[in-house]
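*Asks:* For reference, the structure I am asking about is given below.
The values are calculated or read from the model by the stated rules, or taken from the named source; none is laboratory data. Here the structure is a predicted model, which is why all the values come from computation and not from measurement. Don't worry about glycine lacking a Cβ; one is built from the backbone with ideal geometry, like all the others, and counts go over all protein chains shown.
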Amino acid sequence: MEIGSMRGTPFHSSTAARTNSTWWYSWGGYVVPDVYTDLYTELGAIRNGAAMNEMSPIPKTEIKGPDSRLFVDYLFPRDISKMRVGSAWYAPCCTDDGMVVADGIVFRFDEDHFVFAADNCTKHFRERAGLFDVSVNNVTDDYGILALQGPRSMEVLGEATGEDWSDLEFARIRTTKIAGACVNVARQGFTGELGFELWVDRPDGQDVWESVAGAGASVGVQPAGEYAIDVARVEAGLLLISAEYSGASTEEPSADVPPNLVDHATPYELNLGHCIKLGKESDFIGRTALAGDLATGPSRRLTGLEFDAPHIARLALNAGRSPDLSPRVRWDHLPLRHNGELVGRASSVTWSPTTSRLIGFGMLPTELANPGTELAVDWADYWGCALGSAPVTTCEYPFIELGSRP
């Protein structure tokens, strides 16, 4: 479905019918609901009940062919040789210099069928295909992704399918039928809660959405917009490309945020060292650079931040401006100082309704990134008006107790 110059997802008819606000979100040429009712109701459903979220616009690069496993093993620093069919692994992919191109989920649907759901990577993968016998295609528009998230999401999925899902392990995939349509269900999510991602062929989108919504009626399943999902992922300590770092790619990002060379980062700077398997048998892109980064240690590192919310509110009031500490996640960067010296920047700053704290991420020199470091932030409001300096302290993340794993 086309909406002006924007495209609708496979679920658009269903989501549009349930949207009671005028807030929509532009994502990679698609339009999806930003808010259905209100943030607090939708985030509350994610944390305490069950929520349905639209993730279809996430770019999806498909790799097929006889050499697909070898090629994917070359693209990613994780050991793909150990990845079983029916798995969905989180992984970053990198440049030769060890900079992250994108982070996301690698799905292995069959022996020779992989899909990477992350930011735009199709061009990057094609450039590296070389002599591998593979096809690389952008299949973003072919599938809808319905994220069913929350502590009661398994109940809803069971009602929709008539099956027991308690044995589906985290990062595994199972095929089922919903409304007569074939659906790939992955135990994954972007909220920190128990959750599932339902991959649906485009023509089946509306029927599947309506069936899941009907199945969840008894537990009060709530559609949740991108606003709530963005807050949920910050609370869960999940980083986002174009916010915490810029992808080291020549492709345009799916978000409406211009890339910045200064914000290129290595996996170790982003605390993704657990995804780097330097000892795996096969070679992979960025191996030498990443080995060097590990040997020397990263010079900077991502950390959690907690801001002094009352102080920031006073800054706004003293300037005659609204002390609006909104839960809207800020995708701009705020300068961080230590003893007056500029040392880093804050990203994804948001009021967390779940924890009642003003939180975010900071990219800081490694020696300042441990919890408890006292810093100052050059605070500006949402309109870009500089309001002054405010205290901020480094802390551990995630900011909530995660419920997505057994």
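*Asks:* Which of (1) modelled with pLDDT of 95 or more; (2) part of a loop (DSSP other than H, G, I, E, B) does Pro335 not meet, given it meets every other one?
*Replies:* So Pro335 meets the others, but not (2).
*Asks:* Let me ask something else about it. Of the residues that sit in the range 356-379 and are surrounded by fewer than 18 Cβ atoms within 10 Å (Cβ to Cβ) and outside any helix (DSSP H, G or I), which one is farthest from the chain's Cα centre (by Cα)? Show your work before the answer.
*Replies:* First pass over the range 356-379, keeping only residues surrounded by fewer than 18 Cβ atoms within 10 Å (Cβ to Cβ): 356-357, 365-367, 370-372, 374, 378.
Still in the list and also outside any helix (DSSP H, G or I): 356-357, 365, 370-372, 374, 378.
Numbers: Ser356: 22, Arg357: 21, Pro365: 24, Asn370: 24, Pro371: 24, Gly372: 26, Glu374: 28, Asp378: 27 Å.
So, considering only residues that are surrounded by fewer than 18 Cβ atoms within 10 Å (Cβ to Cβ) and outside any helix (DSSP H, G or I), the one farthest from the chain's Cα centre (by Cα) is Glu374.
*Asks:* Here's a follow-up. Hand me the list of strands (runs of 3 or more DSSP E) wholly inside the range 102-160 holding 1 or more residues that are out of contact with any helix residue (DSSP H, G or I) (no Cβ under 9 Å at 6 or more places or on another chain).
*Replies:* Values: elements: 113-117, 135-138, 143-149.
Those strands (runs of 3 or more DSSP E) span 113-117, 143-149.
*Asks:* Out of the residues in the range 337-355 that are polar (S, T, N, Q) and surrounded by 14 or more Cβ atoms within 10 Å (Cβ to Cβ), state the one that is nearest to the chain's Cα centre (by Cα). Talk me through it step by step, then tell me what you get.
*Replies:* Restricting attention to the range 337-355, the residues satisfying the condition of being polar (S, T, N, Q) are 339, 347-348, 350, 352, 354-355.
Next cut, surrounded by 14 or more Cβ atoms within 10 Å (Cβ to Cβ) only: 347-348, 350, 352, 354.
Values: Ser347: 14, Ser348: 12, Thr350: 16, Ser352: 17, Thr354: 19 Å.
Taking the candidates together, the pick is Ser348.
*Asks:* Yes or no: the range 277-289 includes at least one residue that is surrounded by fewer than 18 Cβ atoms within 10 Å (Cβ to Cβ) and of a type in the set (S, T, N, Q).
*Replies:* The answer is yes, given that some residue of the range 277-289 is surrounded by fewer than 18 Cβ atoms within 10 Å (Cβ to Cβ) and of a type in the set (S, T, N, Q).
*Asks:* Could you tell me whether Val183 is under 30 Å from Lys123 (Cβ atoms) and more than 17 Å from the chain's Cα centre (by Cα)? Working first, answer last.
*Replies:* On the way: under 30 Å from Lys123 (Cβ atoms): yes; more than 17 Å from the chain's Cα centre (by Cα): yes.
Considered against the rule, which asks whether it is under 30 Å from Lys123 (Cβ atoms) and more than 17 Å from the chain's Cα centre (by Cα), Val183 comes out as yes.
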